[in-house]
Amino acid sequence: MTAQIIIMAVCLLMSAYFSATETAFSTLSKTKLKTMIEKGNKRASLALRLSENYDRLLSTILIGNNLVNILLSSIATVFVITLCVKAKDQTFADSYSTLISTAAVTVIVLIFGEITPKSIAKNRPEGFAMFSAPIMQFLVWILIPFSALFSLWTRLVAKIFRVKADSKMSQEELLMLVEEVQEEGTIDDEEGDLLRNAINFTELKAEDILTHRVDLEGFSLDTPMEEIGERFEESRFSRLLVYEDSIDKIVGVLNQKDVFTARGLTDKPLEDIMTPPLYIHKGERIDDLLRDLQTNKCHLAVVLDEYGGTLGIVTMEDILEELVGDIWDEHDEVVEDYKEIAENTFRIDCGGSLADFCEFFDLEIESDAITINGWIMEALDKIPACGDRFSFENLDVTVTETDFHRVSTIQVVRLEPDEDEEEESKKSKRDKDTDDEDDDRDGKKKKDKASV
């Protein structure tokens, strides 16, 4: 009997080992292992090799775990029968020994062979994986024939039921992973923002980041060179658009360095120094656009609408800003989109995104507009003018500046809830609750009368 107890203890220990190993290898971080490998950790290298062939490793773990659990259950049954025989109760041994041993083994294995070791391994998966790696490597070699057989069976089942492995991580899962890593302190806020921008990068289209046609700077094809030079000095842009007849027919892009030379303005014809523009559709993804700009050696692309007219332009800088944030140079005028000018009072640039506006004030606005300007025009239901005012939820919005039928800036006052209104709301709620209770009591009385 002593030998049986020892064998059962060893089986339980091995069951715990296999369960912990399964959890460790399924939850470990390969990135952490690679970091340890760079520092010369050989155990980490072995654990990484095993994890890269997880199917074979899992087959070995399951074979070993089932073998020790079956062996533990069998020996436990024999052990209980032996105890009953020694107690000279053969009838009890025949009737209940199997039931008792099965129940006892199930509880013991569940607590000490599954839940406890898996909980421990989950807290330090890399450490336990490195600890168990040499033993698992030895068992993998021994059980290669069985693992190969089970692997073939798995492939056959997958082929019959047409099961395809989906190991790709969705965009939402990636964003959640970045959020978790940032909360753990592995990366800081700036690194987290950069990773999120990179993940969302492929979802953006040209229409999401373009500079609209009303904000474009350009000149006609027949403009004198002196006037072109003045336009460059006034605008401070390094490139200007060249159009024929109207902005809807852009025929070239002129670089400032091609206009000014050491002797002053160039004497070359405009057609010889301007470069042809790259035309794109508004629905083109910006990652594809970035490759097109690099291939064509262009700095900007002209975005066309569904009628073939000019919708706006997208520059290389616009695309890069979606990754790294705003890029300012010495000629840029720093403008604060949201500036608090008094307590709960803000001056807001209306060229900004409506989504950012909603996030800033914690609002939910149902609108087809993309910019704040578009939403204000929808709310006013007319061409905005200075002084126009409206309220939305807890915001009081006033148009403070316009530019040719467009709203440039607004003043937003965030209103605090009035104490009297708040008290009236609470009183109304209490009255409603009281009425509901009276109705319930009346209904109960009617029911009691009906019962009588």
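A cut-off of 5 Å between modelled amide H atoms, ignoring neighbours fewer than 5 places along the same chain, links LEU278 with VAL302. Among 246-254, 33-41, 279-287, 153-161, sorting by the average number of other beta carbon atoms lying within 10 angstrom of each residue, highest first, gives 246-254, 279-287, 33-41, 153-161.
From most to least packed by mean Cβ count within 10 Å, the peptides 382-389, 270-277 give 270-277, 382-389.
Of the residues VAL181, THR35, ILE410, the one whose Cα sits farthest toward the positive end of the charge dipole of the chain, with +1 on the Cβ of Lys and Arg and -1 on the Cβ of Asp and Glu, is THR35. Evaluated at q = 0.18, 0.19, 0.29 Å⁻¹, a Debye calculation over the C-alpha positions of region 355-398 (equal weights, vacuum) places log10 I(q)/I(0) at -0.52, -0.58, -1.27.
Using the Cβ-Cβ distance between GLN294 and LYS122 with R0 = 51 Å, the FRET efficiency computed as 1/(1 + (r/R0)^6) comes to roughly 0.65. Within the chain, DSSP assigns beta bridges of which about 85% are antiparallel (rounded to the nearest 5). Pair-distance distribution P(r) for region 250-401, from all Cα-Cα distances in 5 Å bins starting at 0: 2, 7, 12, 14, 14, 14, 13, 10, 7, 4, 2, 1, 0 percent. Zone of LEU323 (label point 7 Å along Cα→Cβ, backbone N under 19 Å): which residues in region 259-291? Under 19 Å, as judged by backbone N against the label point of LEU323, lie 284-291 of region 259-291. Per-residue Karplus couplings for region 341-356, computed as 6.51 cos²θ - 1.76 cosθ + 1.60 with θ equal to phi - 60°, are listed in order as 9, 7, 5, 6, 10, 10, 9, 10, 6, 7, x, x, 6, 5, 4, 5 Hz, Gly and Pro entered as x.
Taking a ≥ b ≥ c as the square roots of the eigenvalues of the alpha carbon gyration tensor, region 30-74 is prolate, as a/c is not under 1.5 and a/b beats b/c. Largest accessible area first, the residues MET377, MET8, MET176, MET136 order themselves as MET176, MET377, MET8, MET136 under a 1.4 Å probe with ligands, DNA and RNA left out. Remark on the chain: ratio of C-alpha radius of gyration to 2.2 N^0.38 Å is 1.63. Compared with the direct C-alpha span, the chain from GLU191 to LEU99 gains 27.3 nm at full extension, assuming 0.36 nm per residue. Remark: C-alpha extents of region 138-259 on the principal axes read 85, 40, 25 Å, sorted largest to smallest.
So how strong a dipole does region 156-260 carry about its Cα centre when Lys and Arg Cβ are +1 and Asp and Glu Cβ are -1, to the nearest 20 debye?
On the way: 12 positive and 27 negative charges, 192 e Å.
For region 156-260, the charge dipole is close to 920 debye.
Accessible surface for the chain, divided over its residues, is 66 Å² per residue with a 1.4 Å probe. Taking each DSSP H run with n ≥ 4 as -39500 (n - 2.57) and averaging over every residue of the chain yields -18500 deg cm²/dmol at 222 nm. Per residue, the convex hull spanned by the alpha carbons of region 233-324 comes to 122 Å³.
The values are calculated or read from the model by the stated rules, or taken from the named source; none is laboratory data. Keep in mind the model is a prediction, meaning the values are calculated, not measured. Counting neighbours? That spans all protein chains shown, and the Cβs are built from the backbone with ideal geometry, glycine included. To get the accessible areas, we keep the full protein, side chains included, count just its heavy atoms, and leave off ligands, DNA and RNA. Shrake-Rupley method; radii C 1.70, N 1.55, O 1.52, S 1.80 Å.
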